[in-house]
Amino acid sequence: MTLVVQKFGGTSVANIDRIRHVAQRVAKTYDQGNDVVVILSAMAGVTDGLIELAQKAAEEPDKRELDVLLATGEQTTAALLAMMLQSMGYKAQSMLGHQAQVVTDCDYGNARILEIGAHRLLQLIEKHTIVVVAGFQGYDIKGNITTLGRGGSDTSAVAIAAATNADVCEIYTDVDGIYTADPNVCPKARKLKTITYDEMLNMASLGAKVLQIRSVGFAKKYDIPVHVRSSFNEEEGTMVVNEDSGMEQLVVSGVTHDKKQARVTITKVPDQPGVAAKVFSPISEAGIVVDMIIQNTRQGGKTDMTFTVPKLDFKRTMEISQKVAAQIGAEEVLGDTNIGMVSVIGVGMKNHAGVAAVMFNTLARDNINIIMIGTSEIRISCVIEEKYTELAVRVLHTAFGLDAEE
Ligand code: ASP
Ligand code: MG
């Protein structure tokens, strides 16, 4: 028998009518002769509401207690769906994180799944019971309740699919699938039939709204096909799969943009061993994630270093960089928050030359100046002036043949 894991997000279980709709969908899958494990999010808005309540209860709510509180959102929906399925005549049972033996580390609010003792889940599946697991939650070795970070139910679902050796993990959400670009920015964006794990991981700015990125890492590691699809219609969504599974032959699969980065340049840095370490160690110690880094060629024993950090961390990064610049005898620190990053992503790039040239020519044709360039095996990113970000996405989308046919 086929084992299908179905995960429904917050909007799909937003009220009792929608939960009923979920129950029907699950029942239909079961009636088609599949075993089904369901993973649920909390009702839309509930997790936010609980966080607000906690902030009213204490200025800095204790992290352990916060997780005890947040886990109730998923406890509610799991119980409701299980009762509903039972009243429809199906064998169903809810399970909380600890009952499904989702073991995590002790990082409250952002815990990582270490293992899932699938034993009890499998026992129920063997009896063809529909198991409804509360997503987003687990427990640490001391038995404390933990939560997996916002959007964590996706990771619960993929991890449970891996642990139970499911045939597919379906993620039901409020969008139809993964698009070639953000449809709000690029009206000609279209839904992809398939996308690889690596492309998805690179599409963080697009994909992260749809799937918790951590779940994609899990899916890749255990080779779990993930089907992202809408809970509001029956259409096929997007399959997130490994590279050899008969993909659409696209060189570029998507164009993403990110306006949340800022640029920092340290000028005339002495070109000596250890300098980059001196610059970036204090930044990483402050927990700031540096994305793109460029170091120019040396001139007169000095070089310029430019990098990007999240806008939210810009002020702190400038302060740290100024201190470091003084210590190492660099000239000055310049910053710019009016930047946007556009990226083209595609595994097809691995065996296609000229993608970068097409990208640069396309931007040049619209007079868009490139400030920084970064590449990886399957991604080329350009930092440009922020105000051209949307235009850049649209012209690149067209240039790489991604536009939907009218
Ligand atoms: N309820 C949690 C959240 O809102 C987890 C999830 O929905 O995936 O982030
Ligand atoms: Mg989500």
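Got a sec? How would Val26, Val4 order by Cβ neighbour count within 10 Å, fewest to most?
Sorted ascending by nearby Cβ count, the order is Val4, Val26.
List the lysines whose Cα sits under 25 Å from the Cα of Lys142, skipping any in the same chain fewer than 8 residues away.
Lys63
Which length gain, in nm to one decimal place, applies between Gln249 and Thr297 when the Cα-Cα distance is subtracted from 0.36 nm times their residue separation?
13.5 nm
Along its principal axes, what span do the Cα atoms of the stretch 258-348 show, with the longest given first and each in whole Å?
39, 30, 22
Treating cross-link reach as a plain straight distance, find the lysines whose alpha-carbon is under 16 Å from the alpha-carbon of Lys302, omitting any fewer than eight places away in the same chain.
Lys268, Lys278
Which whole-number percent is the relative contact order of the chain (Cα, under 8 Å, 6+ apart)?
13
If the cut-off is a Cα-Cα distance under 12 Å, which aspartates and glutamates reach Lys315, setting aside same-chain residues fewer than 8 apart in sequence?
Here the aspartates and glutamates satisfying the reach criterion relative to Lys315 are Asp336.
Pick from Gln261, Gln93, Gln327: which is most flexible by mean-square fluctuation in a GNM of the chain where alpha carbon atoms under 10 Å apart are linked?
Fluctuation is largest for Gln327.
Of all GluC sites (Glu not before Pro) in the stretch 164-238, which ones are in loop regions per DSSP and have a Cβ with at most 14 other Cβ atoms within 10 Å?
For GluC sites (Glu not before Pro) across the stretch 164-238 that sit outside H, G, I, E and B with at most 14 neighbouring Cβ atoms in 10 Å, the list reads Glu234, Glu235, Glu236.
Roughly what % antiparallel, to the nearest 5, for the DSSP beta bridges in the chain?
Close to 60 percent.
Counting only complete DSSP H runs, which helices of the chain cover 27 Å or more along their long axis at the Cα atoms and score a mean Kyte-Doolittle of -0.5 or above?
63-87
Go through Gly10, Gln299, Ile160 and say which Cα lies farthest out towards the positive end of the charge dipole of the chain; charges sit on Cβ, +1 for Lys and Arg, -1 for Asp and Glu.
Gln299
None of the figures in this text is laboratory data; all of them are computed from the coordinates on show. All values derive from a computational prediction rather than experimental measurement. Methodologically, a virtual Cβ is constructed for each residue, glycine included, from the backbone with ideal geometry; neighbour enumeration extends over all protein chains shown.
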